[in-house]
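Below: the structure, in structure tokens.
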Amino acid sequence: MAKLKTKWVCQNCGYETAKYIGRCPDCGSWGTLTEEIEVKQTTQKPTVVIDDTPVCLINEIEIKESIKFSTGFEELDRVLGSGLVQGSLVLLAGDPGIGKSTLILQTAGNICKKGKKLLYVCAEESGSQVKLRAQRLNVNSDNLYVYSQTNLESVIAQIDNIKPEILVIDSIQSIYTSNITSSSGSVSQIRECTNSLMDIAKNKNITVIIIGHVTKDGNIAGPKVLEHMVDTVIYFEGDKYKSQRLLRSIKNRFGSTNEIGVFNMAENGLEEVTNPSELFMKERTDNAAPGSVIIATNEGTRALLVEVQALVGATSYPSPRRVSTGTEFNRLLQIIAVLEKRIGLNLSKHDVYVNVTGGIEIDEPAADLGIALAIATCYRDVIVDPNCVIIGEISLSGEIRNVSNLEKRIYEAQKLGFKKAIVPKQNKKLQGNFDIQIIEVARLMEAISACVSKK
Ligand code: TYD
Ligand code: MG
């Protein structure tokens, strides 16, 4: 006999409780608990199954080499950790309309061209809609199966039928399992479906890619509640009104999470941007504006040049505003404190806005010196030499600290035609020959005098 059980589930974080409460005690959001009905099969007492897998010594365990294959996109491969791992479960999350289906359909085309069989479950679109998109993207293969279905059990039946090597679910919010009665998109449904898909990935050795929409209003459960269940989580981000898209991995059981991938959304789908620094530099409108500085940041295995802009002006608020876009807020407060104390800038009556162009998020301290120079030059209305790249971390005492992968950052600047690099003196001797002038600085004041000139 099936027994109905009611529970209240927070659609934001997945917290469960037996009775309704207005505010989720776990994540603190209001009005996000919805009632979900669970059907439990209670005819038999569950039998206790004892697994006889032996316990081994760590030295006796044999490492099974995980088989990786390319997605046909270098940018995506790098973010995944040199390709997709066979039998893994990948979650691709992003805002609706950002290009997730486009990316996966193009990837599906690339993979199928290499002879692998792929089943694309389009739970949001009809087969003909997918076909139209595939034509536009020039995706065509005899190995690509499209199935417009929202029921997970029907999908599982087709997996046994078609025996694909890769399964794509577009999207997890539109699919449902008949095992539980809550509506598709609820926390219980997406958890249950993801659990079944994990079983498929591990037991049938099928690579499963799940697409998930990120929602801010909390009405539909977002990928956040799935992150701990899957092997890899990648986010597809970007401004919907601009063509540039960034892929970022935030969890990866098979590789690093520092990598980013850059794409450009064009007429016929997504194009890889293999040299993103060049793209970011193209966005630079005025070469010599006060408050504009080029920094070299390190993203995973490669260096990226990006522009940091600052705007400093007299405040008309009771307490001055500090706004950071693309950099860590507390880091900005710390840099402002160092500028006030160590070089005597009086910013207590000034608003400070800092912006990193290109939609990049910088969380490494090597950007400190660039941010400090952007603020200082805007305040004093002077300019940083536009041919100069700024690299260095700032300590609270105003010293310039060493950074990792300095050579890689300098090479990137040299490649893009910069003439000068301001680097920390603390770094050990540089390896390699550079055609670019390298100025080593030990303190903040030295850095300012090395690259700043009057407008
Ligand atoms: P889509 O992949 O449907 O987004 P998601 O699956 O994340 O919801 O992409 C939708 C947007 O991408 C749509 O606004 C149009 C744009 N687009 C292009 O600019 N060029 C293209 O070739 C395609 C297929 C889409
Ligand atoms: Mg889509």
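The values are calculated or read from the model by the stated rules, or taken from the named source; none is laboratory data. Just so it is clear, the structure is predicted and the values come from calculations on it, not from any experiment. Note that each Cβ is placed from the backbone with ideal geometry, even for glycine, and that neighbours are counted across all protein chains shown. With ligands, DNA and RNA removed, areas are computed over all heavy atoms of the protein, side chains included. Shrake-Rupley method; radii C 1.70, N 1.55, O 1.52, S 1.80 Å.
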Heads up, the strands (runs of 3 or more DSSP E) in segment 284-398 (entirely inside) with at least 2 residues that are crowded, with 18+ Cβ neighbours inside 10 Å and not charged (D, E, K, R) are 292-299, 302-314, 350-356, 382-384, 388-390
Could you list, in sequence order, all residues of segment 399-434 that are open to solvent by 40 Å² or more (accessible area, probe 1.4 Å) and part of a strand (DSSP E or B)? 399, 401
Among the numbered conditions (1) crowded, with 19+ Cβ neighbours inside 10 Å; (2) within 16 Å of ligand 2 (Cβ to nearest atom), tell me where residue 75 comes up short. (2)
Output the number of the condition that residue 190 fails; it satisfies all remaining conditions of (1) of a type outside the set (Asp, Glu); (2) without any contact (Cβ under 8 Å) to a residue 40 or more places away in the chain; (3) surrounded by fewer than 23 Cβ atoms within 10 Å (Cβ to Cβ). (3)
Restrict the check to segment 154-169 and report whether at least one residue is touching a Ser or Thr at 6+ places or on another chain (Cβ under 9 Å) and surrounded by fewer than 18 Cβ atoms within 10 Å (Cβ to Cβ). yes
With more than 16 Å from ligand 2 (Cβ to nearest atom) and open to solvent by 50 Å² or more (accessible area, probe 1.4 Å) as the only criterion, which of 54, 96 stands out? 54
Subset of segment 117-146 [more than 13 Å from ligand 2 (Cβ to nearest atom), open to solvent by 50 Å² or more (accessible area, probe 1.4 Å) and at negative phi]: 117, 128, 131, 132, 135, 136, 140, 142, 145, 146
For residue 124, indicate whether it is of a type in the set (Asp, Glu) and away from ligand 1 (no atom under 16 Å from the Cβ). no
Would you confirm whether or not segment 156-163 contains a residue that is in a strand (DSSP E or B), over 20 Å from the mean Cα position of the chain (by Cα), more than 30 Å from residue 32 (Cβ to Cβ) and in the same structural domain as residue 70 (by TED's automatic domain parsing)? no
Just name the residue that is farthest from residue 199 (Cα to Cα) out of those in segment 82-97 that are more than 16 Å from ligand 1 (Cβ to nearest atom) and at pLDDT 90 or above. 83
